[in-house]
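Notes to accompany the following structure.
None of the figures in this text is laboratory data; all of them are computed from the coordinates on show. Since the model is a prediction, treat every value here as computed from it, not as a measurement. We place every Cβ from the backbone using ideal geometry, glycine too, and count neighbours over all the protein chains shown.
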Amino acid sequence: MSQPQNRTHIAELKDKVGQEVTIAGFVDIRRDHGKLIFIDLRDESGKVQMIALPNHKEAHELAGTIRPEWVISVTGKINPRPEKLVNANEPNGAIEVEMFTVEVISRAETPPFDVREDGIDIGEETRLKYRYLDLRRPRMQKNLRLRHKVTTLIREYMNKNDFVEIETPMLTKTSPEGARDFLVPSRMHPGEFYALPQAPQQYKQLLMLSGFERYYQLARAMRDEDLRGDRQFEHTQIDLEMAFVNQRDVLNLVEGLMIHVAESVGKKVWKKPFPVFTHEEAMKQFGADKFDLRSEEEKKDPNIMAFAWVVDFPLLEWDDNASRYTFAHNPFSAPKAEHVERLMQINQEAAGKRSPELDSLGAQQYDLVCNGYELASGGVRISDPKVQRKVFELMGISPEETEERFGHIIRAYEFGAPPHAGMAPGLDRLVMLLANEPNIREVNAFPMNSSGQTSVMNAPSKIKPTQLAELGIKINNDSPKKS
C-alpha cells in the first residue's frame, strides 16, 4: 500500500476546521446509524470521529466493511460538529471529519481483547503474548510516554549539573551485588563466561579514578532473582557517581532530581527537604527500612510522593546460613570515618563468629524510600585499598579470592583516588509510582511474566546443538531447574 501523502496528525485537526486533510491510523470503533457510518480513528497524537455519508459512495461502501484495529488512511474535510453533538470531554469533541476517500492500508484479525479498555482484569499470559496489542491501550501509551518524559527530565537535570553520560560494558565479570548472575559463555575462551552486569558499580568507581568527577547513565542491569511486582530480571537505574563529595552532597543532588521530576509531571512532594531517619530509627519506628509516611487520608490522593532518607546502615550483617559476615548493602561502601581505626584492628578470627563489635560498625550507606518502596541505594566508597582488603577479610574472603575477583579494582586505587560517592535510583519503580500503577510491568514495554518468560518472543528457548558445540557446552538434563 502507498504511504499517505501530506498526512496530518489528529492533534492538529482542531486548527484546520474547514480544510481538507489526509489522516491515517488505527480504527478504534465503527458505529452504524442508518445511512450514516461513524468511525473513530486514532493515531499516536489523539483520536477523532469521522463520518461517512452516502453522497461519497465509494468511501461510504468501504467504511461499512471496516473493522476495529484496521489501519486506514482517510482524506476528508474537517467540519464543526452540530452543537448538540459536541463532546466536551474529548479533545476533538467539537469537530468531525467528513470522509471523501478511504484507503485500507492493513486489515486486522479480531483482537483477543478490547484494546480500548484498561486491561487490568485480563490475564498476564494473554496480555504479554499479545503485548504489541496491549501497548495500543490509551493507558499503556500514556505510561510509556510518561517514562520517556521522565528520562528526558533526568537527562536535563543531570546535564545541567555538569554530569557526563558514559556507557559502560554489558559483558563483564561476575560481581558481588547480592543476586545470581546471568552468565554468557565465551566462544573465544572455552569454559569461561562473561556476566551481564547487576550494576555498573565497579566501572563507575573506575571512572572516578579516571578523572571524570560527575558520571551518570540510564543503565540496564540484570539480576537473576525471584520476580515480583516491583522486580524484574532486567531493570533500568539512574546510575550516578560524584568525586570530591560527601554523603550530604549526594543526598542534595538526588533530592533535587526527585523533586524536579515529580513536580514536573504534576506530583506533590510530601515534605521538603526530605525527612531523614537513621537505620536504627526506621527499624524501631516502622519495623522496616522502607516505609510509607503518608496518612491513610493522604494515601487517597494519588499525587502525593512521600520521600524519605534512611542513613547510617550497618557495614556488615551476619549470615546464619554461611556462618560468617557479609556486606549489608555493598562491599565497596565505606565504613563511618570514626569506625575505620577500630575496623582495621579486628582480626580475621574474630569475624568467624558473631560479635557486638562487628555488628556495631556503621557504613556511609543511604537509601531513598517513597510511599513504601525503596527507590534508591547508595554510599560513600572505600578509597583506601588497605581498608577495602580488610573489609573483604572480615567477610571471610581469602586474600587469594580477593585478588582473583577484585584485584583489578583494588590495584586501580593504588594509583590515586579522590573521595567519591554515588547512588542508583530505580527508574522502573520511580515511573511506576508516578504513573500510579500496581507493578513495574505496566511501565515497561516488553516485560517478563511471573515465570521469567519474555513478552511475545517467549524466551528463554532451546538452542541448536551446533551452537552448544561451538560454545563447548553440554546440557545436563538431570540438573535441578531451581536451587
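Any chance you could count the Lys pairs in segment 10-106 whose alpha carbons are under 13 Å apart, treating pairs 8 or more apart or on different chains as valid?
Here the count comes out as 4.
Skipping prolines and chain starts, which residues have an amide H placed within reach, meaning under 5 Å, of the one on Asp319, given they are 5 or more residues away or on another chain?
Arg324, Tyr325, Thr326
For Lys336, list the lysines whose Cα falls under 28 Å from its own Cα; do not include residues on the same chain fewer than 8 positions away.
Partners found: Lys204, Lys271, Lys272, Lys284, Lys290, Lys353, Lys386, Lys390.
Pull up all non-local amide H partners of Tyr130: gap of 5 or more, or a different chain, and H-to-H distance under 5 Å with H placed in the peptide plane.
Under 5 Å from the amide H of Tyr130 lies no amide H from a residue far enough along the sequence or on another chain.
In whole Hz and in residue order, list the ³J(HN,Hα) couplings for segment 327-333 that follow from phi through the Karplus curve 6.51 cos²θ - 1.76 cosθ + 1.60, θ = phi - 60°; x for Gly and Pro.
Listing the rounded values in order: 6, 6, 10, 7, x, 9, 6 Hz.
Could you work out the relative contact order of segment 10-106? I mean the mean sequence separation of Cα pairs under 8 Å and 6+ apart, divided by the number of residues, in percent.
Once normalised by length, the contact order is 32 percent.
Kindly provide the helix-only [θ] at 222 nm of the chain, computed as the sum of -39,500 (n - 2.57) over DSSP H runs of four or more divided by all residues, to the nearest 500 deg cm²/dmol?
Theoretical 222 nm ellipticity from helices: -7500 deg cm²/dmol.
Rg(Cα) of the chain divided by 2.2 N^0.38 Å?
Ratio of Cα Rg to 2.2 N^0.38 Å: 1.22.
At what distance in nm do the modelled label points of Asn79 and Met188 sit from each other, each positioned 7 Å from its Cα along Cα→Cβ?
6.8 nm
Give the distance, in whole Å, between the Cα centre of segment 320-345 and the Cα centre of segment 253-273.
33 Å
Remind me, relative contact order of the chain in percent, using alpha carbon pairs under 8 angstrom and six or more residues apart?
Dividing the mean separation by the residue count of the chain yields 13 percent.
R0 = 35 Å: FRET efficiency of Glu341 with His408, Cβ-based, nearest 0.05?
The pair Glu341/His408 has a calculated efficiency of 0.80.
I need the peptides 356-369, 150-163, 230-243, 283-296 ranked by packing, meaning the mean over residues of other C-beta atoms within 10 angstrom, with the highest value on top.
The most tightly packed comes first, giving 230-243, 356-369, 150-163, 283-296.
Which aspartates and glutamates have a Cα less than 16 Å from the Cα of Lys474, not counting those fewer than 8 places away in the same chain?
Those aspartates and glutamates meeting the cut-off are Glu192.
Return the distance in nm (one decimal) between the two label points of a simple spin-label model at Glu103 and Asp15, each offset 7 Å from Cα along Cα→Cβ.
Going by the 7 Å Cα→Cβ label model, 2.5 nm.
Return the sequence-ordered ³J(HN,Hα) values of segment 183-197 in whole Hz as given by the Karplus equation 6.51 cos²θ - 1.76 cosθ + 1.60 applied to θ = phi - 60°, using x for Gly and Pro.
9, 10, x, 9, 6, 7, 10, x, x, 10, 9, 7, 10, 6, x
Please identify the DSSP H helices in the chain that span no less than 18 Å along the helix axis (Cα) and have a mean Kyte-Doolittle hydropathy of -0.5 or more.
Qualifying helices: 247-264.
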